[in-house]
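K.L.:
Could you have a look at this structure, given as structure tokens, before my questions?
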Amino acid sequence: MDFCDDAQLERVITQYDNEANVSLGSTKGSVLKKLSESEIGELKCSEVTSDKLVSFSRSLSADRQPQTVGN
């Protein structure tokens, strides 16, 4: 996949995960999985804005540690 084709965020995360040469670690892997499974994962990369990321992180705040939300 060419990242210039404005793919869905979920596809980019999946490709990143598949091509990573190292273990992502539990926190990073968990955050990326949560992103790809959420509504934000359905957006094209060009549609992902800071406002949408902040809103997504706030939706996690209730059941996550601050450092996890920060990731």
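The values are calculated or read from the model by the stated rules, or taken from the named source; none is laboratory data. Computed from a prediction, not measured in an experiment: that's the story for all the values here. Backbone-built Cβ (ideal geometry, glycine too); neighbour counts: all protein chains shown.
K.L.:
I need the full set of residues from the stretch 16-59 which are assigned to a helix (DSSP H, G or I), within 23 Å of ASP5 (Cα to Cα) and not charged (D, E, K, R), in order please.
P.N.:
TYR16, ASN18, LEU32, LEU35, SER36, ILE40, GLY41, CYS45, SER46, SER50, LEU53
K.L.:
Restricting the stretch 37-65 to residues that are at pLDDT 90 or above and charged (D, E, K, R), which is nearest to ASP17 (Cα to Cα)?
P.N.:
Out of the qualifying residues, it is GLU37.
K.L.:
Hey, any hits in the stretch 16-31 for a residue that's basic (Lys, Arg) and in contact with a Leu (Cβ under 9 Å, 6 or more places away or on another chain)?
P.N.:
So far as the stretch 16-31 goes, no, none of its residues is basic (Lys, Arg) and in contact with a Leu (Cβ under 9 Å, 6 or more places away or on another chain).
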